[in-house]
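Novice: Have a look at this one before I ask anything.
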Ligand code: ADP
Ligand code: NI
C-alpha cells in the first residue's frame, strides 16, 4: 500500500502544479497529514482515510468541472493501481460528502469520511485558513473588505457557489461556522486555538482598518 500512497502524492503534486488559489498541493498534503492524525485517535481505517484525503480535490468542480461528477481522475488513479472496486466506491463516496456546500453540507456516513471532512475544514481555519482566504480572494479579484457589503450567512449550496463578496465577509459566511460543524472530538480540540486566532485576527484587522490600532 505504501507505494500507492507515494504515487498518490506524486499524482496530487502534478495535478495542482499551477494552482495557487489556496487549493494547491500543499493544501492536500496538510489535509492528508491532519486526517491521518485524526484517524489514529478515532480508530478509523488509515488506508481509506489516506486515499480519500489525497484524492479529495483532484476532481474539484472549480479545478476540473468535466471530471467532477464521475470523479474520473480519482477513479482512474485507483483502478490503475489495482485497488478493489469496493475501495474505489468507498473513497468516491467520501470525496462526494467532504465538500463544504453552505447549509447543504452533509455529515459523512463513515468515521473515515468524518476524519477527512474534519481535516479539510481545519485547513480552512487558523493562520493557514486566513492565508488561503486572502489568496483565494486575490486570485478571484475580490476586495479584502468593504464595510458597505454585509455578509450573507446561511446560504444553500447553489447560493454559496455563485456568491461573490469580500474576503472578510467569507469569515462570517464560512470560516467562523466551521468550528461547530466538525464531526470528531479530535478535530474539535484542534479547532479551538485556530478559531480563537481567527477572531483575534479579525478584531485587529478591523481596528487597523478604522485607524484605531
Ligand atoms: P475546500 O474544497 O478545500 O474545502 P474551497 O474550494 O471551498 O475549499 O475553498 C478553497 C479555499 O478558499 C478555502 O480556504 C476557502 O476558505 C477559501 N475560499 C473559498 N471561497 C472564498 C471566498 N469567497 N473568499 C475567500 N476565500 C474563499
Ligand atoms: Ni480541500
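Novice: Based on the alpha-carbon gyration tensor of segment 61-116 and its eigenvalue square roots a ≥ b ≥ c, which shape applies: rounded if a/c is under 1.5, prolate if not and a/b is larger than b/c, or oblate? The partial results should precede the final answer.
Specialist: Values: a/c = 2.99, a/b = 1.27, b/c = 2.36.
Here segment 61-116 falls in the oblate category.
Novice: What 222 nm value per residue comes from the helices of the chain, counting each DSSP H run with n ≥ 4 as -39,500 (n - 2.57) and dividing by all residues, nearest 500 deg cm²/dmol?
Specialist: -19000 deg cm²/dmol
Novice: Could you please state, rounded to a whole Å, how far the C-alpha centre of segment 25-48 is from the C-alpha centre of segment 114-190?
Specialist: Segment 25-48 and segment 114-190 have Cα centres spaced 21 Å from each other.
Novice: Starting from a Cα-only point model with no solvent, please compute log10 I(q)/I(0) by Debye for segment 50-90 at q = 0.18, 0.34, 0.35 1/Å.
Specialist: -0.45, -1.21, -1.23
Novice: Could you put 213, 99 in order, starting from the residue whose Cβ has the fewest other Cβ atoms within 10 Å?
Specialist: 213, 99
Novice: Once you sort the root eigenvalues of the Cα gyration tensor of segment 1-56 as a ≥ b ≥ c, which label holds: rounded (a/c under 1.5), prolate (a/b larger than b/c) or oblate (the other case)?
Specialist: oblate
Novice: When a footprinting reagent is the concern and you count Cβ atoms within 10 Å, what order do 130, 61, 125 take, fewest first?
Specialist: 61, 130, 125
Novice: Can you tell me the 0 to 90 degree angle between the C-alpha axis of helix 85-98 and the longest principal axis of the chain, rounded to 10?
Specialist: Helix 85-98 sits at roughly 10 degrees to that axis.
Novice: Consider all pairwise Cα distances in segment 98-192 and report the whole-number % of them above 24 Å. Don't jump to the answer; show the numbers that get you there.
Specialist: Values: 903 of 4465 pairs.
Counting every Cα pair in segment 98-192, those more than 24 Å apart make up 20 percent.
Novice: Using only the Cα atoms of the chain, construct the convex hull and provide its projected area averaged over every direction, in square nanometres to one decimal.
Specialist: Computing the convex hull of the Cα atoms and averaging its projections yields 11.8 nm².
Novice: Modelled label-to-label distance, residue 99 and residue 197, 7 Å Cα→beta-carbon offset: nm?
Specialist: Output for this residue pair reads 2.8 nm.
Novice: Starting with the fewest neighbours, write out 95, 111 ranked by other beta-carbon atoms found within 10 Å of each beta-carbon.
Specialist: On the way: 95 23, 111 17.
Ascending number of Cβ neighbours within 10 Å: 111, 95.
Rule-based calculations on the coordinates, nothing more; no lab input. Remember, predicted model here, so these are calculated numbers, not experimental data. Reconstructed Cβ throughout: ideal geometry from the backbone, glycine too, with neighbour counts over all protein chains shown.
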